[in-house]
Amino acid sequence: MLCENNTLNLLELEGAEIKNVWNEAGMKHISVEIPKKLHCCPKCGEMTDAVHDYRHQKVRDISIYGKLTIIHLRKRRYRCNSCGKRFAETNTFVPRYHQVTSRLVAHLISDFGKVRSASDIAKDHGVSISTTLRYFDLVNYSLKSLPEVLSIDEFKGNAGGEKFQCIITDAKHKKVLDILPNRKSADLIRYFRDFSTRSSVKVVVMI
């Protein structure tokens, strides 16, 4: 149990519970579940904790103790008793519709700022070259407009001395748009204030 607690502290997966930890084929595997809790229905706004079913997802994360790491996430899908909407539970460490953690995305993109090849970066993080290039291409450093459905997720990344970073995604088209160095309200306001197309955003989802 002490080892698992230390692993959880190292992972800094806020709100998660470690169910099992094991090593296999030179990789570290961690089974994780988020405790059941009330969720707000994204359709009608009613609160619910009714579980519809469970899904299992394998998520790549940054290396731990020098070993490539896979998180086995057992995810709930909730059901709204008012309108019948079914939706996935929220978490703070995996961007919607992605198979890697937010901080691994940040590491991949950060490594492109160094004089390194895509193949070396992919090998270091245990992902394919195509995945590495895809995440680099998804980030639009000259972003001129905002999507209709904007998602703002925070994660622990320790960039530039900041404990929390933000990943900005187009939830409708399942694209990572940008990664911000911190989650401070003043900096977020300054960032979005520069966009003349703010009115194009119809829905903002924050975790």
Test: residue in segment 36-43 that is closer than 25 Å to V149 by Cβ, of a type in the set (K, R), under 21 Å from the mean Cα position of the chain (by Cα) and modelled with pLDDT under 95: yes
With of a type outside the set (G, A, S) and at pLDDT below 80 as the only criterion, which of D137, D120 stands out? D137
Cβ-Cβ below 8 Å, separation at least six or inter-chain, first residue in segment 87-116 and at pLDDT below 80 and polar (S, T, N, Q), second surrounded by fewer than 21 Cβ atoms within 10 Å (Cβ to Cβ) and outside any loop (DSSP other than H, G, I, E, B): which pairs? T92/E154; S110/A159
Considering only residues that are among the charged types (D, E, K, R) and at pLDDT 80 or above, look in segment 140-155 and name the one that is farthest from I64 (Cα to Cα). E148
Note on S200: of the conditions (1) modelled with pLDDT of 80 or more; (2) of a type in the set (G, A, S); (3) under 21 Å from L13 (Cβ atoms), unmet is (3)
Which listed residue, of H52, H56, is modelled with pLDDT of 85 or more and surrounded by fewer than 15 Cβ atoms within 10 Å (Cβ to Cβ): H56
How about segment 38-54: which of its residues are among the hydrophobic types (A, V, I, L, M, F, W, C) and either out of contact with any Phe, Trp or Tyr (no Cβ under 9 Å at 6 or more places or on another chain) or farther than 12 Å from R79 by Cβ (or both)? L38, C40, C44, M47
Which of the residues that make up segment 171-200 are surrounded by 13 or more Cβ atoms within 10 Å (Cβ to Cβ) and touching a helix residue (DSSP H, G or I) at 6+ places or on another chain (Cβ under 9 Å)? K175, V176, L177, D178, I179, L180, P181, N182, F192
In segment 77-86, which residues are surrounded by fewer than 21 Cβ atoms within 10 Å (Cβ to Cβ) and either in contact (Cβ under 8 Å) with a residue 12 or more places away in the chain or assigned to a strand (DSSP E or B) (or both)? R77, R79, N81, S82, C83, K85, R86
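The values are calculated or read from the model by the stated rules, or taken from the named source; none is laboratory data. What you see is a predicted model; the values in this text were computed from it and never measured. Positions of Cβ are backbone-derived with ideal geometry, glycine not excepted, and every protein chain shown enters the neighbour counts.
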